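Chemist: There's a structure below that I have some questions on.
The values are calculated or read from the model by the stated rules, or taken from the named source; none is laboratory data. These numbers come from a predicted model, not from an experiment. Don't worry about glycine lacking a Cβ; one is built from the backbone with ideal geometry, like all the others, and counts go over all protein chains shown. We work out accessible area using only protein heavy atoms, side chains counted, and drop any ligands, DNA or RNA first. Shrake-Rupley method; radii C 1.70, N 1.55, O 1.52, S 1.80 Å.
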Amino acid sequence: MSALLEVILPVFFVIGAGYLAVKLDLFSESGVDGLMKFTQHFAIPCLLFKAIAELELGTYFEPRLLASYYVPAVIAFIVGIAASRMVFQRPWEDSVAIGFACMFANSVLLGLPITERAYGPDALDPNFALVALNAPICYGLGITVMETVKHRGQAPIATIRAVINAIFHNALILGLALGFAVNLSNIELPTVANDALDLMIRAALPAAIFGLGGVLAQYKLEGDLGVIIMICGITLLARPAMSYGLSLGFGLNTGATRSSVLTAAMAPGVNAYVFANMYGVAKRVAASAVLAATALSVLTLAGWLIVLA
(Lines give C-alpha, C1' and ligand atoms only; values in the text may rest on other atoms or scores of the structure.)
Protein backbone atom coordinates (compact mmCIF):
# COMPACT_ATOMS: atom_id res chain seq x y z
CA MET A 1 0.00 0.00 0.00
CA SER A 2 2.88 2.38 0.81
CA ALA A 3 4.25 1.94 -2.72
CA LEU A 4 0.84 2.83 -4.17
CA LEU A 5 0.63 5.94 -2.03
CA GLU A 6 4.11 6.95 -3.18
CA VAL A 7 2.75 6.89 -6.74
CA ILE A 8 -0.44 8.82 -6.04
CA LEU A 9 0.28 11.22 -3.21
CA PRO A 10 2.97 13.44 -4.82
CA VAL A 11 0.46 14.51 -7.46
CA PHE A 12 -2.12 15.32 -4.81
CA PHE A 13 0.45 17.10 -2.64
CA VAL A 14 1.04 19.50 -5.55
CA ILE A 15 -2.74 19.92 -5.91
CA GLY A 16 -2.91 20.53 -2.14
CA ALA A 17 -0.13 23.10 -2.36
CA GLY A 18 -2.11 25.05 -4.95
CA TYR A 19 -5.26 24.70 -2.86
CA LEU A 20 -3.59 25.98 0.32
CA ALA A 21 -1.76 28.77 -1.52
CA VAL A 22 -5.09 30.23 -2.57
CA LYS A 23 -6.90 29.53 0.71
CA LEU A 24 -4.10 31.25 2.68
CA ASP A 25 -3.98 34.19 0.25
CA LEU A 26 -0.43 33.36 -0.77
CA PHE A 27 -1.52 33.13 -4.41
CA SER A 28 -4.35 35.20 -5.83
CA GLU A 29 -7.34 33.86 -7.72
CA SER A 30 -6.36 36.08 -10.64
CA GLY A 31 -2.93 34.45 -10.53
CA VAL A 32 -4.59 31.02 -10.73
CA ASP A 33 -6.64 32.20 -13.69
CA GLY A 34 -3.47 33.34 -15.44
CA LEU A 35 -1.64 30.12 -14.61
CA MET A 36 -4.49 27.96 -15.91
CA LYS A 37 -4.75 30.09 -19.04
CA PHE A 38 -1.02 29.55 -19.63
CA THR A 39 -1.26 25.79 -19.17
CA GLN A 40 -4.56 25.24 -20.99
CA HIS A 41 -3.90 27.60 -23.92
CA PHE A 42 -0.13 27.26 -24.39
CA ALA A 43 1.87 24.67 -22.39
CA ILE A 44 -0.49 21.68 -22.61
CA PRO A 45 -1.30 22.26 -26.30
CA CYS A 46 2.50 22.21 -26.88
CA LEU A 47 2.74 18.93 -24.95
CA LEU A 48 -0.08 17.36 -26.96
CA PHE A 49 1.28 18.76 -30.23
CA LYS A 50 4.71 17.20 -29.76
CA ALA A 51 3.32 13.94 -28.39
CA ILE A 52 1.09 13.45 -31.45
CA ALA A 53 3.73 14.73 -33.88
CA GLU A 54 6.15 12.02 -32.68
CA LEU A 55 3.65 9.23 -31.98
CA GLU A 56 3.67 6.07 -34.10
CA LEU A 57 0.06 6.37 -35.15
CA GLY A 58 -0.22 2.91 -36.65
CA THR A 59 1.04 1.32 -33.44
CA TYR A 60 -0.96 3.14 -30.78
CA PHE A 61 -4.16 4.20 -32.54
CA GLU A 62 -5.46 0.68 -32.16
CA PRO A 63 -9.26 0.34 -32.44
CA ARG A 64 -9.54 -2.03 -29.48
CA LEU A 65 -7.67 0.42 -27.20
CA LEU A 66 -9.84 3.33 -28.29
CA ALA A 67 -13.05 1.32 -27.92
CA SER A 68 -12.08 0.12 -24.43
CA TYR A 69 -11.97 3.74 -23.26
CA TYR A 70 -14.47 5.65 -25.40
CA VAL A 71 -17.36 3.18 -25.31
CA PRO A 72 -17.55 3.49 -21.48
CA ALA A 73 -17.09 7.27 -21.75
CA VAL A 74 -20.04 7.64 -24.13
CA ILE A 75 -22.16 5.29 -22.00
CA ALA A 76 -21.28 7.43 -18.94
CA PHE A 77 -22.38 10.55 -20.85
CA ILE A 78 -25.72 9.01 -21.82
CA VAL A 79 -26.41 7.59 -18.35
CA GLY A 80 -25.46 10.91 -16.73
CA ILE A 81 -27.87 12.84 -18.92
CA ALA A 82 -30.69 10.31 -18.48
CA ALA A 83 -30.32 10.07 -14.70
CA SER A 84 -30.05 13.84 -14.28
CA ARG A 85 -33.19 14.39 -16.34
CA MET A 86 -35.34 11.46 -15.22
CA VAL A 87 -34.20 10.84 -11.62
CA PHE A 88 -33.08 14.29 -10.44
CA GLN A 89 -35.48 16.31 -12.64
CA ARG A 90 -32.79 18.69 -13.88
CA PRO A 91 -33.37 20.88 -16.95
CA TRP A 92 -32.04 19.52 -20.24
CA GLU A 93 -29.12 21.98 -20.35
CA ASP A 94 -28.08 21.06 -16.79
CA SER A 95 -28.39 17.39 -17.65
CA VAL A 96 -26.02 17.69 -20.62
CA ALA A 97 -23.42 19.50 -18.46
CA ILE A 98 -23.74 16.80 -15.80
CA GLY A 99 -23.40 14.09 -18.44
CA PHE A 100 -20.26 15.83 -19.69
CA ALA A 101 -18.80 15.68 -16.17
CA CYS A 102 -19.49 11.94 -16.16
CA MET A 103 -17.74 11.52 -19.52
CA PHE A 104 -14.66 13.79 -19.38
CA ALA A 105 -11.90 12.21 -17.30
CA ASN A 106 -8.95 14.30 -16.14
CA SER A 107 -6.70 12.45 -18.56
CA VAL A 108 -3.99 15.13 -18.82
CA LEU A 109 -3.57 16.80 -15.42
CA LEU A 110 -3.95 13.56 -13.43
CA GLY A 111 -3.92 10.68 -15.91
CA LEU A 112 -0.50 11.41 -17.43
CA PRO A 113 1.48 12.08 -14.21
CA ILE A 114 -0.09 9.19 -12.27
CA THR A 115 0.48 6.71 -15.09
CA GLU A 116 4.05 7.98 -15.48
CA ARG A 117 4.79 7.61 -11.77
CA ALA A 118 3.19 4.18 -11.65
CA TYR A 119 4.74 2.61 -14.74
CA GLY A 120 7.39 5.02 -16.07
CA PRO A 121 7.58 7.47 -19.01
CA ASP A 122 7.63 4.65 -21.59
CA ALA A 123 4.11 3.62 -20.50
CA LEU A 124 2.55 6.89 -21.70
CA ASP A 125 2.23 6.19 -25.43
CA PRO A 126 -1.22 4.53 -25.13
CA ASN A 127 -2.25 7.43 -22.86
CA PHE A 128 -1.30 9.93 -25.55
CA ALA A 129 -3.36 8.00 -28.08
CA LEU A 130 -6.38 8.29 -25.76
CA VAL A 131 -5.68 11.91 -24.84
CA ALA A 132 -5.34 12.80 -28.53
CA LEU A 133 -9.01 12.06 -29.09
CA ASN A 134 -10.33 12.99 -25.65
CA ALA A 135 -10.92 16.67 -26.33
CA PRO A 136 -12.18 16.23 -29.92
CA ILE A 137 -14.56 13.39 -29.06
CA CYS A 138 -15.81 14.61 -25.67
CA TYR A 139 -16.06 18.30 -26.54
CA GLY A 140 -17.42 17.44 -29.97
CA LEU A 141 -20.12 15.23 -28.50
CA GLY A 142 -20.86 17.52 -25.57
CA ILE A 143 -21.04 20.68 -27.67
CA THR A 144 -23.15 18.99 -30.34
CA VAL A 145 -25.70 17.71 -27.82
CA MET A 146 -25.77 20.98 -25.86
CA GLU A 147 -26.16 23.13 -28.97
CA THR A 148 -28.88 20.80 -30.22
CA VAL A 149 -30.73 21.15 -26.90
CA LYS A 150 -30.26 24.93 -26.88
CA HIS A 151 -31.37 25.36 -30.47
CA ARG A 152 -34.18 22.82 -30.46
CA GLY A 153 -36.89 24.08 -32.75
CA GLN A 154 -34.49 26.29 -34.72
CA ALA A 155 -32.94 25.81 -38.15
CA PRO A 156 -30.29 23.02 -38.24
CA ILE A 157 -27.76 25.34 -39.91
CA ALA A 158 -27.62 27.53 -36.78
CA THR A 159 -26.76 24.51 -34.65
CA ILE A 160 -24.09 23.31 -37.07
CA ARG A 161 -22.49 26.76 -37.20
CA ALA A 162 -22.42 27.04 -33.40
CA VAL A 163 -20.88 23.57 -33.04
CA ILE A 164 -18.10 24.23 -35.55
CA ASN A 165 -17.27 27.63 -34.06
CA ALA A 166 -17.04 26.25 -30.49
CA ILE A 167 -14.88 23.25 -31.44
CA PHE A 168 -12.33 25.16 -33.49
CA HIS A 169 -11.79 27.80 -30.82
CA ASN A 170 -10.46 25.15 -28.40
CA ALA A 171 -6.64 25.41 -27.99
CA LEU A 172 -6.24 21.74 -27.08
CA ILE A 173 -7.96 20.66 -30.27
CA LEU A 174 -5.82 23.05 -32.32
CA GLY A 175 -2.63 21.65 -30.76
CA LEU A 176 -3.73 18.11 -31.52
CA ALA A 177 -4.71 19.00 -35.08
CA LEU A 178 -1.31 20.58 -35.76
CA GLY A 179 0.39 17.52 -34.26
CA PHE A 180 -1.53 15.24 -36.60
CA ALA A 181 -0.63 17.49 -39.54
CA VAL A 182 3.09 17.32 -38.74
CA ASN A 183 2.96 13.57 -38.12
CA LEU A 184 1.08 12.69 -41.29
CA SER A 185 3.20 15.00 -43.47
CA ASN A 186 6.48 13.64 -42.02
CA ILE A 187 7.73 17.17 -41.32
CA GLU A 188 10.88 17.24 -39.16
CA LEU A 189 10.89 20.13 -36.72
CA PRO A 190 14.10 22.20 -36.42
CA THR A 191 16.22 21.58 -33.33
CA VAL A 192 15.56 25.09 -32.02
CA ALA A 193 11.80 24.54 -32.28
CA ASN A 194 12.10 21.18 -30.50
CA ASP A 195 14.11 22.74 -27.68
CA ALA A 196 11.59 25.55 -27.28
CA LEU A 197 8.75 23.04 -27.15
CA ASP A 198 10.60 21.01 -24.52
CA LEU A 199 10.89 24.11 -22.32
CA MET A 200 7.14 24.67 -22.55
CA ILE A 201 6.36 21.01 -22.01
CA ARG A 202 8.45 20.75 -18.83
CA ALA A 203 6.31 23.50 -17.30
CA ALA A 204 2.98 22.07 -18.43
CA LEU A 205 2.03 19.36 -15.95
CA PRO A 206 3.53 20.78 -12.72
CA ALA A 207 1.99 24.20 -13.35
CA ALA A 208 -1.36 22.72 -14.37
CA ILE A 209 -1.56 20.44 -11.33
CA PHE A 210 -0.72 23.33 -8.98
CA GLY A 211 -3.27 25.49 -10.78
CA LEU A 212 -5.91 22.77 -10.46
CA GLY A 213 -5.57 22.99 -6.68
CA GLY A 214 -6.02 26.75 -6.90
CA VAL A 215 -9.17 26.32 -9.00
CA LEU A 216 -10.64 23.82 -6.55
CA ALA A 217 -9.99 26.23 -3.66
CA GLN A 218 -12.41 28.72 -5.21
CA TYR A 219 -15.46 26.47 -4.85
CA LYS A 220 -17.20 25.00 -1.85
CA LEU A 221 -18.36 21.41 -1.74
CA GLU A 222 -22.04 22.15 -2.15
CA GLY A 223 -24.88 21.59 -4.56
CA ASP A 224 -27.16 18.64 -5.21
CA LEU A 225 -25.60 15.85 -3.14
CA GLY A 226 -27.38 13.10 -5.06
CA VAL A 227 -26.08 14.31 -8.41
CA ILE A 228 -22.55 14.68 -7.03
CA ILE A 229 -22.62 11.14 -5.63
CA MET A 230 -23.83 9.87 -9.00
CA ILE A 231 -21.01 11.63 -10.86
CA CYS A 232 -18.43 10.23 -8.42
CA GLY A 233 -19.82 6.71 -8.73
CA ILE A 234 -19.88 6.78 -12.51
CA THR A 235 -16.44 8.34 -12.98
CA LEU A 236 -14.47 6.58 -10.26
CA LEU A 237 -16.08 3.13 -10.31
CA ALA A 238 -18.49 2.34 -13.17
CA ARG A 239 -16.52 3.88 -16.05
CA PRO A 240 -13.16 2.20 -15.22
CA ALA A 241 -14.95 -1.07 -14.47
CA MET A 242 -16.47 -1.04 -17.96
CA SER A 243 -13.08 -0.17 -19.42
CA TYR A 244 -11.42 -3.03 -17.55
CA GLY A 245 -14.03 -5.51 -18.75
CA LEU A 246 -13.73 -4.36 -22.36
CA SER A 247 -9.91 -4.41 -22.19
CA LEU A 248 -9.97 -8.03 -21.05
CA GLY A 249 -12.62 -8.92 -23.60
CA PHE A 250 -10.64 -7.31 -26.43
CA GLY A 251 -7.45 -9.05 -25.35
CA LEU A 252 -5.42 -5.84 -24.88
CA ASN A 253 -1.86 -6.21 -23.63
CA THR A 254 -0.95 -5.20 -20.08
CA GLY A 255 0.33 -1.72 -20.98
CA ALA A 256 -2.72 -0.78 -23.04
CA THR A 257 -5.08 -2.14 -20.37
CA ARG A 258 -3.37 -0.12 -17.65
CA SER A 259 -3.53 3.08 -19.69
CA SER A 260 -7.16 2.59 -20.63
CA VAL A 261 -8.40 1.71 -17.15
CA LEU A 262 -6.33 4.31 -15.27
CA THR A 263 -7.40 7.05 -17.69
CA ALA A 264 -11.03 5.99 -17.28
CA ALA A 265 -10.61 6.00 -13.49
CA MET A 266 -9.64 9.67 -13.29
CA ALA A 267 -11.94 12.19 -11.64
CA PRO A 268 -13.70 14.77 -13.82
CA GLY A 269 -11.20 17.44 -14.82
CA VAL A 270 -11.48 21.19 -14.70
CA ASN A 271 -12.91 20.89 -18.21
CA ALA A 272 -16.13 19.64 -16.59
CA TYR A 273 -16.47 23.03 -14.91
CA VAL A 274 -15.22 24.87 -18.01
CA PHE A 275 -17.95 23.22 -20.09
CA ALA A 276 -20.64 24.06 -17.52
CA ASN A 277 -19.35 27.62 -17.19
CA MET A 278 -19.23 28.01 -20.98
CA TYR A 279 -23.00 27.50 -21.09
CA GLY A 280 -23.81 28.98 -17.67
CA VAL A 281 -25.53 25.81 -16.39
CA ALA A 282 -24.89 23.39 -13.47
CA LYS A 283 -21.72 25.29 -12.53
CA ARG A 284 -22.00 24.64 -8.79
CA VAL A 285 -22.64 20.94 -9.31
CA ALA A 286 -19.73 20.64 -11.74
CA ALA A 287 -17.28 22.42 -9.41
CA SER A 288 -18.43 20.41 -6.39
CA ALA A 289 -18.17 17.13 -8.34
CA VAL A 290 -14.62 17.94 -9.46
CA LEU A 291 -13.63 18.70 -5.86
CA ALA A 292 -15.31 15.64 -4.34
CA ALA A 293 -14.23 13.15 -7.01
CA THR A 294 -10.63 14.41 -7.01
CA ALA A 295 -10.43 13.86 -3.25
CA LEU A 296 -12.09 10.43 -3.38
CA SER A 297 -9.87 9.32 -6.27
CA VAL A 298 -6.92 9.03 -3.87
CA LEU A 299 -8.65 5.91 -2.52
CA THR A 300 -10.21 4.59 -5.72
CA LEU A 301 -6.99 4.96 -7.75
CA ALA A 302 -5.13 2.97 -5.12
CA GLY A 303 -7.72 0.23 -5.62
CA TRP A 304 -7.41 0.29 -9.40
CA LEU A 305 -3.60 0.15 -9.17
CA ILE A 306 -3.99 -3.00 -7.08
CA VAL A 307 -6.33 -4.50 -9.68
CA LEU A 308 -3.90 -3.63 -12.49
CA ALA A 309 -0.74 -4.84 -10.69
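Chemist: Report the residue count in the range 241-265 for those that are within 14 Å of the chain's Cα centre (by Cα) and closer than 26 Å to Ala82 by Cα. Quick ask: steps written out before the conclusion?
Modeler: Just the residues of the range 241-265 that are within 14 Å of the chain's Cα centre (by Cα), to begin with: 259-265.
So of that shortlist, the ones also closer than 26 Å to Ala82 by Cα come out as 260-265.
So the answer is 6.
Chemist: Going residue by residue through the range 198-216, is there one that turns out to be open to solvent by less than 40 Å² (accessible area, probe 1.4 Å) and either in a loop (DSSP other than H, G, I, E, B) or at pLDDT 95 or above (or both)?
Modeler: no
Chemist: What tally of residues in the range 191-250 results from selecting those that are touching a residue at least 60 places away in the same chain (Cβ under 8 Å), closer than 29 Å to Arg64 by Cα and not aliphatic (A, V, I, L, M)?
Modeler: Here the count works out to 8.
Chemist: Filter the helices (runs of 4 or more DSSP H) completely within the range 224-279 down to those with at least 2 residues that are under 12 Å from Cys102 (Cα atoms). Walk me through it before giving the result.
Modeler: Numbers: elements: 225-233, 239-250, 254-264, 270-279.
Ranges flagged: 225-233, 239-250, 270-279.
Chemist: While we're here: Name, by its number, the condition in (1) of a type in the set (Lys, Arg); (2) in contact with an Asp or Glu (Cβ under 8 Å, 6 or more places away or on another chain); (3) modelled with pLDDT of 90 or more that does not hold for Arg284.
Modeler: The failed condition is (3).
Chemist: What are the residues in the range 107-122 that are closer than 23 Å to Ile15 by Cα and open to solvent by 10 Å² or more (accessible area, probe 1.4 Å), if any?
Modeler: Looking only at the range 107-122, we keep the residues that are closer than 23 Å to Ile15 by Cα, and these are 107-121.
Selection gives Val108, Pro113, Glu116, Arg117, Ala118, Tyr119, Gly120, Pro121.
Chemist: Helices (runs of 4 or more DSSP H) wholly in the range 1-102 with at least 3 residues that are more than 17 Å from Ile137 (Cα to Cα) and open to solvent by less than 50 Å² (accessible area, probe 1.4 Å) - which ones?
Modeler: Working: elements: 2-23, 29-38, 44-54, 57-60, 63-86.
Output list reads 2-23, 29-38, 44-54, 63-86.
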